[in-house]
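Participant: Handing you this structure, nothing more for now.
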Amino acid sequence: MRLANDMLDGAIAGAAGTTALNAATYLDMAARGRSSSTAPEEAAEKLAEKGSVRIPGDQEARRNRLSGLGALNGIASGVAVGAALGALRSAGWRPGSLSNAVIAALGAMAFTDGVMSVLGVTDPRDWSITDWASDIVPHLAYGVVTAVALER
């Protein structure tokens, strides 16, 4: 029962971290006037193709569905990484606050960027410094909030 409770605590912490990641991303978009990334919806489309799932609708409705699915994938990823951190805590792994925040941030980045790389949506080796900053800063926000929430 302890594992399930710790995973639930981690999932809740991951949801809080995901909110922080989204807030940091939207703040960056507002500050720099940049558009949202299409990578999440492209990943959703590739996952649907790999699963032989047809996304219905005309071009606009289909694009909107993929946008929603991409966002939901991001939320699920953040919650899953948090749940994994909760499972590690249940097993007795308890790094310090800073380490926990960095591990949460890197875990979320590795998971999301890794999946998108495997799907052929992006290749981080081709990213500019600005691209890296646009990815790292929100993930650091995720890591800090997830770590704080998990420790509470």
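Participant: FRET efficiency for residue 47 and residue 1, Cβ-Cβ distance as r, R0 = 30 Å, nearest 0.05?
Facilitator: Step by step, r from the Cβ atoms, then E = 0.35.
Participant: Ordered by residue, what ³J(HN,Hα) values in Hz, to whole numbers, does the range 42-53 give under the Karplus form 6.51 cos²θ - 1.76 cosθ + 1.60, where θ = phi - 60° and Gly and Pro are x?
Facilitator: My calculation for the range 42-53 gives 5, 5, 4, 5, 5, 5, 4, 4, 5, x, 6, 9 Hz in order.
Participant: Find the relative contact order for the range 1-70 and round it to a whole percent, using C-alpha pairs within less than 8 Å whose residues are 6+ positions apart.
Facilitator: About 27 percent, as a whole number.
Participant: Over the chain, with a Gaussian network built from C-alpha contacts below 10 Å, which listed residue (41, 49, 60) shows the highest mean-square fluctuation?
Facilitator: Among 41, 49, 60, the largest mean-square fluctuation in the Gaussian network model of the chain belongs to 60.
Participant: For the residue pair residue 36 and residue 126, what label-to-label distance in nm results when each label sits 7 Å from Cα along the Cα-to-beta-carbon direction?
Facilitator: Roughly 2.3 nm, to one decimal.
Participant: Please build a GNM for the chain, connecting alpha carbons under 10 Å apart, and tell me which residue among 107, 17, 96 fluctuates the most.
Facilitator: Maximum among the listed residues: 96.
Participant: I've got another one for you. Which is the longest run of the chain containing none of the chymotrypsin sites (Phe, Trp or Tyr not before Pro) found in DSSP loop states (not H, G, I, E, B) with at most 14 other C-beta atoms within 10 Å?
Facilitator: 1-92
Participant: Just the number: Rg to Rh for the chain, Cα atoms, Kirkwood Rh, two decimals.
Facilitator: Result: Rg/Rh = 1.00.
Participant: Okay, next question. Under the rule a/c < 1.5 gives rounded, and otherwise a/b versus b/c splits prolate from oblate, where does the range 1-54 land using the Cα gyration tensor?
Facilitator: Oblate is the answer for the range 1-54, as a/c is 1.5 or above yet b/c matches or exceeds a/b.
Participant: For the chain, what does the helix formula give at 222 nm: sum of -39500 (n - 2.57) over DSSP H segments with n ≥ 4, over the residue count, nearest 500 deg cm²/dmol?
Facilitator: After summing the helix terms and dividing by the residues of the chain, the value is -28000 deg cm²/dmol.
All of the numbers you see were taken from the coordinates with simple rules; none came from a lab. The structure displayed is predicted, hence computed values, not measured ones. Counting neighbours? That spans all protein chains shown, and the Cβs are built from the backbone with ideal geometry, glycine included.
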